[in-house]
Structure formats: C-alpha cells, structure tokens
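As structure tokens, the structure follows; a few thoughts come after it.
The values are calculated or read from the model by the stated rules, or taken from the named source; none is laboratory data. Model, not experiment: these values are computed from the prediction. Don't worry about glycine lacking a Cβ; one is built from the backbone with ideal geometry, like all the others, and counts go over all protein chains shown. Heads up: the accessible areas ignore ligands, DNA and RNA and are worked out on the full protein's heavy atoms, side chains in. Shrake-Rupley method; radii C 1.70, N 1.55, O 1.52, S 1.80 Å.
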Amino acid sequence: MQAALELERVTKRYGAFTAVDDLSFSARQGRILGFLGPNGAGKTSTLRMVLGLSEPTSGRLSVLGAPDGRSVRDRIGFLPEERGLYRRMTPVEAIVFLAGLKGLPAGEARKRARAMLEQQGLGEAQNRQIRQLSKGMAQKVQLIAAIAHEPELVILDEPFSGLDPVNQQALEAMIRGLAERGATVVFSTHVMQHAERLCEHVVLLAKGRKAFDGTVSEAKARAPRALVLEGSLEAADAGALPGVAEVTSQPLDSGHVRHSCALKPGASGQEALKAAFAQGLDIQRFELREPSLHDAFIVLTGESLDEEAAA
Amino acid sequence: MRRLLRIAVREYVAYVRTVGFWLSMLALPLGMGLVMAASGWMEASAPPPALVVVDLTPDQGYLPAVSEAVETRNSLGRLRNEIVPSPVALPRDPAAIGAALKPWLSGEARLEGKRRLAGALVIHGAGERVALDVWTDSPLLGASETVRTTIATRMQREKLVAAGVDPSLVTATQALQPTVTDYSPKTAGKASLLTRLPGLIGFAAAMLLWSVIFTGAGILLNGVIEEKSSKVLEVLLSSATVPEILFGKILGVAGVTFTVLGVWGTVSTVLLNVFAPAQAAGIGQVLFSGGLVFYFAFYLICGYLMYASIFTAIGSFCETTREAQTLLGPIMILLTIPVIFLSQALRRPDTPALDILSWVPPFTPFMMTARAASNPPIWQVAGTGVLMLATVALVVWIAGRAFRAGALSTGKVDFKGLVAKLRGGE
C-alpha cells in the first residue's frame, strides 16, 4: 500500500540543539499511526516539518506525494498541540471559517458543521460563543474544524491532552471513524494507552531519535513478560525461581509484599509458578502480566514516560 | 487569493461586530456635535468679559473714544468685551488702582449679577506721556490692543493738531488704510479658498494617514496578540501561506478603518454640500482635477502597508500587550516625528528639513502627502515613489519571515533570538 507520509533521514536543528535526529518512517494510507514519545522528544518539531511550518535541516519528506504539507494543505487536517479558536465565534462559524480556508464552500461547510456537532453531542452548543464552552467541548469543535473538509491526512498533535476520560473515549471513536473513512491519521501522544487501543503501527521517539518503528505487538514483544507474586515470600525466593531475570518488590498495606518478577526472554511463567508452589512459598495472589506499550517504551528507550493520571 | 479574502472577511466581520467599532463610528460626529453645542452654549450663556476703563488724563477725553472702539469691535462679532463701571470708588493714583480692584480682579468679590471682573485698563499721564496700565490675570481677548490703538490714534491727532494741521485732514489721514489683495502665483489670479485648499488638504491627508496607521495598526497588533495568546496562529499557518495571512489581516483591518472613515467622509460631504456647497465643490475640484487623489492614495497605501506589516509582525511575537510595548517603543517614537513637521509643511513648505525627511522611508508618506500643495519636483515624486515601493517590499518580506517565526515561537523574545529567527526564517 502507498505511503501517505514518508520521512527519510530527517534532521532538524535549532542552533546547537538537535530536535530531530536522522528520523525515517512512513505512514500507510488509511491507517492510524501513533507517534509516541515523552515531552521534548521531537514530536511537534517533526509534525511542523510535515506541515511545512518549518524546514528540515537535512533529509527528505513526502506528504501525500508533495515535498511537504504546504502545497497539499487543503488535503491535510491539523490539530495543534496548543489548541485555540476565536473565542467570540460560534462553533459553526469557526468550523465554516477553518474548513473554508481548506477550500470547502461555506454552505457545505455549514451543513457538515451542524451534522458533526450534533453527532458529537454539541448540537445545543452550536450557536454559543466558543468562550462559553467547556475545554472538552472546545477541543471537540477544533477537531471537527480540522476534519470537516474530509482530509486525506489527519495530523493530531497530543489530541488527548486535557480531556477527561469520557471525552478521550469520544475522541478515540472519532479517530477510528476517520480511518474507517479512508483517511490516514498520524497522532502524537505521550500516553501509551491511547496508542495501544487505536494503532496498529507506532513510531517511538526519544531525544529526537527513533527508538522503534513497527506494530504494537512487535513493540510489546521487545519487553519482558512479568510474573506478579503477592504474599510473605522473600525477594530472594522470587529471584531464585526458574526463568526470573529481575525482581522488583513493593510492600503492601496488608503486610504482604508484591514482587514483580521480570521473566527472561522465552521463559515460561508457568514453570516459575509451578516451582514456587512446589517450594511451598507463601503466595496469596499471582498474575502473569503481558507487557504494555509503556513497558516496551522503557525497554526500547531506557526512559520513563510522564504519563497523565487521567489516561 | 481565496484564503486571503476569507481571512480578510473574518477580520472585518470580527471587528464590525464589536461595540467598539460602532462607538468609534459615532465618536467623531458625536464629539464634534458636543464640542459645537458646548461652545455655542458657552457663548450664549456666558456674558462677555467685564472691563473697567479708568481715564485719569486731565480732560478724560480718552474714555469716550475707547468705549466707542470697544463697542465697534463688539459689533463686528469678534473678541467681545463689556465696559462696566468700577464697583468701588477709585483713587487718583494709577499705582493704587490695582490694589483697590484686587478683590474683584482676583474673584474674591463679584460684580452685579455675580460676574467676575476680567481686567482694569488705566489711562493716565498727559500730552505725549499718556500711558496705559493693564491689570489682569486673564486674557482680555484683544481689548487692551484695541484700547492701545485708540489711545495712540488720539495722541497722534492731538500732536498734529497742536502743530497746526487741519483737524479734518488729520481725521482723513488717520482713516487711510491700504487695500490688501492676496494673489496666488499658481493661478496668477486672486488668492481664494480654492488656491489655499491643496495645502490644507495635503495637511489633512497626512494627518489622515497618520491616524489610519495609528488606529489600523493598533487594531492589527491587538488582533494578532489575541490570536497568538489563544493559539489560533498555528492553525492559520497550517491552512494558509504567510502572505495570505499577513495581507488578509491587513486588508480586513483596512476595511474596518476605511469603513469608519468612509462613513465620516460621506456624512461630512453631505453636510458640506448642504451648508457650504462652494467649499465642497472646491475640495472636489482640488482632489480630482490633476490626480491629487491618486497621489494621496499611493502614499496612503504604501505608508499603511509598511507600518501595518511591522505591527503585525511585532504582534506575532507577543502574547500580551505589555510584551508588545517593549518592542513598540522605537516605532512610536518614529511615528511622533512626522507630526512635529507636518504643520511646517503647511506654513513653510520650502523648509529644507522637509525635503530631507521626504527621503527617509518611515517619514516619506507623511512628508510627501503634506508637501503635495507645494508641487514638489517631479523627480522627487518619482524618486520617493520608487523608494517607497522598494521599502514596502523589503518591510513586507522581513515582516513575513518575522511573522512566521513569531507565530511559532514560545516564551519571551530576546533581540539575539529574534535576529537569528529572521535570518533562519523560523
């Protein structure tokens, strides 16, 4: 399948600081690509180069077949990280204006704006000024404004930040809807759960460099599985079980201790559990935990993520 | 072009919807109406300043002449004064009269009808040593000059009559006045309002340009600051080119400014045509015969574009007006300089300083507009025209780069960073 977006050895420097370093990846048409990394990893700098808002220091981009987003801006929808709309406009006016800049005639834009606002539960708010809307409502309006012209490529920079869990779910549904319609969606986030739920393909970025490029399951396979044991057993006992590579212990209020035993690659959690019971270790609760994308990120980059509590 | 026009229309509609726009629209007519009504009311309600005239000369012959001169002046409707009797018996010593009238002159005591005594004119001495003492702290609206002239005329008359000149000849001689006629070198005919109009219109056009820049650029600056602080600029940049955004905004705000000016101009034209049709026709003739209106339009557009671009670029770096003020300081100083020289252009259009300032791009539009009446040499018009076009192109180019860099920037602006961004374009 043809790539809607392709970066080839792209580097961006601001003076002596390298924001993006030798980055290559591609996003296939009609798919959702998660562009993941902690704050300051270079996600926004990359997306700005894609949009043509800044130029790469070196490397090559292909955006819907063009060298950057400027000549194909009418086919792109963009939601910036720092969001804002004209506060005195109504949602319909804002959508009509921004979609109009993308070439959608005013009448059609107004029709779509009303339908999409209704669909997102904002029918009542469509004639109120944006300054009178809640942050979540305004964010939905801005997303609608970014996609009302039915773009082929949708770029969303940290779309979930600042949203409550209910609105996050609604936004996830909107993003899935875009992909079902055939649009390519590239969204950046530092919250891995969203990417796990939405993406097949993720690109992990750390300190401006690509740490991983592949499917979510491939990323997770890079992280070890863990056997969680709770009880009065000692960390040394847990560490001595077959296939256990490393143990992290955490005391619990009940007086017991939770041991997270990282398993060696290819090791079976069942063998370790069998051995624990055979040794008569005091185990009150056990769980074989599959790695999350967050675990994979830590393994792949050696960094931790500042994830939002709300995620 | 489609995007530029959409941005312009949004800007225009956004401002036209505000209460401030309608207040601005009504402010000038209302203000002028209020000023006219207030001055008329003050004229009607306030009595003319009261004067005490004391004649201490031996024959007290000056008082009737002075009274007649002041009355004549009042009847001409100019600088009215009223001569009133002294509220107190006055001493014969001229030096003591001020002290005697002090309570009334200082306002501690009032005349009949609670009027204040505006001044006292004391005529004393005799023969060739007649003197006039003027006691006042307030302007006497020219009364003392009238009195002085009257006294001088009488003194000259007495001297001539004493020398044996026929009194009727003296009267006839003193009545002699030259006939003064103003001619215009441009028309080689008598000077009229029409011949002076170009100068006045040039001055008015320069002031109009100045006020358009001040108000229009101010609106632009605040608009961009609001967009920057509410994070709309990045969305705009992803949807339109920098020139489209820049010119869209400038065009939209120009539309707002010219709508206000258009309404004021239309109202003024209608009123002028109704109440002073000759002057209205004269203004029309000056503006449209000889292409002066195009001359003004050229410098108006160039000046507005130059300053509006600068203000827009500055706004893109600022999230608050306080931040903008630090960057605006030098521009505001630049903008005050033309105002100082504009009145010079009206009174002394051949001042070399005006020639020199006409070649300094920040001042060119103002100076050349104000100098229109003095027919600057064609090479100067062409030269400054080319200079303006080049300057505007350069300023717009720099402003475009600055706008893009500013719109995507975060945090405080430092001069070094600003220059680096301009050189790098981001």
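Data for the structure
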{"quantity": "For segment B:191-424: Kirkwood Rh in Å [reciprocal of mean 1/r, alpha carbons]", "calculated": "19.0"}
{"quantity": "Candidate lysines for bridging to A:K274, where Cα separation is under 18 Å - those fewer than 8 sequence places away on the same chain excluded", "calculated": "A:K264"}
{"quantity": "Spin-label model distance (nm) - B:S86 vs B:R17, 7 Å beyond Cα toward Cβ", "calculated": "7.4"}
{"quantity": "Cross-link table A:K111/B:K231; A:K12/A:K43; A:K102/A:K135, entries beyond 19 Å C-alpha to C-alpha", "calculated": "A:K111/B:K231; A:K102/A:K135"}
{"quantity": "Leading residue at positive end of dipole, the protein assembly as shown (Cβ point charges), from B:L90, B:V270, B:A217", "calculated": "B:V270"}
{"quantity": "Residues with amide H under 5 Å from that of A:G59, placed H, sequence gap 5 or more", "calculated": "A:T11"}
{"quantity": "Compactness index (Cα Rg / 2.2 N^0.38 Å), chain A", "calculated": "1.19"}
{"quantity": "Segment A:222-311, relative contact order in percent, only Cα pairs under 8 angstrom and at least six apart counted", "calculated": "38"}
{"quantity": "Fully extended contour minus Cα-Cα distance, from B:L34 to B:T259, at 0.36 nm per residue", "calculated": "78.7 nm"}
{"quantity": "Three-way shape label, segment B:1-59, alpha-carbon gyration tensor, a/c 1.5", "calculated": "prolate"}
{"quantity": "Projected area averaged over orientations for the protein assembly as shown, convex hull of C-alpha atoms, nm²", "calculated": "52.0"}
{"quantity": "Three-way shape label, segment B:48-176, alpha-carbon gyration tensor, a/c 1.5", "calculated": "oblate"}
{"quantity": "P(r) tail fraction, segment A:224-290 - alpha-carbon pairs more than 19 Å apart, %", "calculated": "19"}
{"quantity": "Quarter of Cα convex hull surface for chain B, i.e. mean projection, nm²", "calculated": "30.1"}
{"quantity": "Between segment B:3-63 and segment A:261-289, the Cα center-to-center distance that results, in Å", "calculated": "92"}
{"quantity": "For chain B: relative contact order, % (alpha-carbon pairs under 8 angstrom, 6 or more apart)", "calculated": "18"}
{"quantity": "Inter-centroid distance (Cα atoms) of segment A:167-220 relative to segment B:103-161, Å", "calculated": "95"}
{"quantity": "Interface B:A - total buried accessible surface [probe 1.4 Å, Å², rounded to 100]", "calculated": "2500"}
{"quantity": "Under 23 Å from B:K102, Cα to Cα: lysines that are on another chain or at least 8 residues apart", "calculated": "B:K114"}
{"quantity": "FRET efficiency, 1/(1 + (r/R0)^6) with R0 35 Å, evaluated for B:R347 and B:I301 via beta carbons", "calculated": "0.80"}
{"quantity": "Heavy atoms of B:V360 accessible to a 1.4 Å probe, total area in Å² rounded to 10", "calculated": "50"}
{"quantity": "Lys, Arg +1 and Asp, Glu -1 on Cβ, resulting dipole of chain A about Cα centre, debye, nearest 20", "calculated": "1320"}
{"quantity": "For chain A: relative contact order, % (alpha-carbon pairs under 8 angstrom, 6 or more apart)", "calculated": "20"}
{"quantity": "Listed residues B:Y12, A:Y14, B:Y62 arranged by accessible area, highest first, probe 1.4 Å", "calculated": "A:Y14, B:Y12, B:Y62"}
{"quantity": "Positive dipole terminus of the protein assembly as shown, leading residue within A:I175, B:G202, B:T326 (C-beta point charges)", "calculated": "B:G202"}
{"quantity": "Summed residue charge, Cβ within 15 Å of B:A254's Cβ, Lys/Arg positive, Asp/Glu negative", "calculated": "+1"}
{"quantity": "Gained length - A:S260 relative to A:I298, 0.36 nm times residue gap less alpha-carbon distance", "calculated": "12.1 nm"}
{"quantity": "Dipole magnitude of segment B:191-424 about its Cα centre (Cβ charges: Lys, Arg +1; Asp, Glu -1), debye to nearest 20", "calculated": "280"}
{"quantity": "Prolate/oblate/rounded label for segment A:75-135 (Cα gyration tensor, a/c 1.5)", "calculated": "oblate"}
{"quantity": "Hypothetical label at A:L288: residues of segment A:216-247 whose amide nitrogen lies under 17 Å (7 Å Cα-Cβ projection)", "calculated": "A:221, A:223-230, A:241-245"}
{"quantity": "Accessible area (Å², 1.4 Å probe, nearest 10) - B:T179", "calculated": "130"}
{"quantity": "Residues of the protein assembly as shown: accessible area per residue with a 1.4 Å probe, Å²", "calculated": "49"}
{"quantity": "Using a Förster distance of 45 Å, the FRET efficiency for B:T269-B:S75 (Cβ separation, nearest 0.05)", "calculated": "0.80"}
{"quantity": "Share of carbon and sulfur in the accessible heavy-atom surface of segment B:48-176 [1.4 Å probe, %]", "calculated": "57"}
{"quantity": "Those residues of segment B:222-240 for which accessible area with every protein chain present is at least 50 Å² below the isolated value (1.4 Å probe)", "calculated": "B:K231, B:V232, B:E234, B:V235, B:S238, B:S239"}
{"quantity": "Beta bridge orientation in the protein assembly as shown: antiparallel %, DSSP, nearest 5", "calculated": "65"}
{"quantity": "Label-point gap, in nm, between A:S232 and B:V134 - each point 7 angstrom along Cα→Cβ", "calculated": "11.4"}
{"quantity": "Carbon plus sulfur fraction of accessible area for chain A, probe 1.4 Å, in percent", "calculated": "47"}
{"quantity": "Selected from A:A226, A:P265, A:V244, residue furthest toward positive end of dipole (segment A:224-290; charges at beta carbon)", "calculated": "A:P265"}
{"quantity": "Efficiency of FRET between B:S211 and A:R9 - r from beta-carbon atoms, R0 56 angstrom, step 0.05", "calculated": "0.55"}
{"quantity": "Note, ³J(HN,Hα) from phi for segment B:334-341, Karplus 6.51, -1.76, 1.60, rounded to Hz, x at Gly and Pro", "calculated": "4, 6, 7, 4, x, 4, 4, 8"}
{"quantity": "Length gained when the stretch A:Q132-A:E118 is fully extended (0.36 nm per residue, less Cα-Cα span)", "calculated": "3.3 nm"}
{"quantity": "Spatial separation of Cα centroids for segment A:91-142 and segment B:200-275, in angstrom", "calculated": "28"}
